[in-house]
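Participant: Got a structure for you, written out below as structure tokens; questions coming shortly.
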Amino acid sequence: DHAWLWRADHDSTAHFTDGENPVQHALEVDGRFVTVYGLFAEHTLGDLTRWRGEDGAVFLYQSELQYDAPPPVWPHLGYNVTARHHRALGVGVYCYFFDEVTVHEGIHAADASGIVHSFTHLLDGGGAIQSVINGRGGAVSATGQGSYVCSS
């Protein structure tokens, strides 16, 4: 049931850099039959969520990539599923980069057929997410732009 996992990358007066408050991943799942309702992950230095456990499910996933990701290419993902059998409904990856940073895709899944209603969205700042999931879905590279893949 509902979890909001984030790297504290700012306080009320300043933003921190990746050397401060280092957190690699918000969540790593290795167990079988794990189900989450409402998962939120933000600002980690690596993949926000790594899901390796088989037969898992997520219903509503919201994530925001690291503000201070190092340019030019950030090699990580908002949602990375290497399990062969996984279901997810409503998976969103947002970005607001301080610099011109490119991310190849917001979501990657070994078997994308179980990921339904996924999207990426550029909130503000520089950079782009080139695709939504496994190379599908358009790029987001302008403030307020979103891209959706209804079924994979």
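Participant: Take the Cβ-Cβ distance between C150 and T13 as r, set R0 to 35 Å, and report the resulting FRET efficiency rounded to the nearest 0.05.
Facilitator: Working: r = 41 Å, r/R0 = 1.17.
The calculated FRET efficiency here is 0.30.
Participant: Taking θ = phi - 60°, what integer Hz values does the Karplus form 6.51 cos²θ - 1.76 cosθ + 1.60 yield along segment 86-93, in sequence order, with x for Gly and Pro?
Facilitator: My calculation for segment 86-93 gives 8, 10, 8, 10, x, 10, x, 10 Hz in order.
Participant: Explain nothing, just the number: relative contact order of the chain, from Cα pairs under 8 Å at least 6 residues apart, as a whole percent.
Facilitator: It rounds to 16 percent for the chain.
Participant: Please sort by residue number the chymotrypsin sites (Phe, Trp or Tyr not before Pro) in segment 78-152 whose DSSP state is loop and whose Cβ has at most 16 other Cβ atoms within 10 Å.
Facilitator: On the way: sites: Y79, Y94, Y96, F97, F98, F119, Y148; in loops: F98.
Those that pass, being in a loop and sparsely packed, are F98.
Participant: Based on alpha-carbon centroids, what's the gap between segment 120-149 and segment 10-81 in Å, whole number please?
Facilitator: Value for the Cα centre distance between the two parts: 17 Å.
Participant: Still on this structure, please answer the following. Along the three principal axes, how long is the chain when you take its alpha carbons, biggest first, rounded to the nearest angstrom?
Facilitator: 41, 31, 22
Participant: Go through 53-65, 22-34 and give me the packing order, highest mean Cβ count within 10 Å leading.
Facilitator: Highest mean packing first, the order is 53-65, 22-34.
Just so you know, all these numbers are worked out from the coordinates, no wet-lab data involved. All figures in this text were calculated on a predicted structure; none of them were measured in a lab. With ideal geometry, Cβ positions are generated from the backbone for all residues, glycine too; neighbour counts draw on all protein chains shown.
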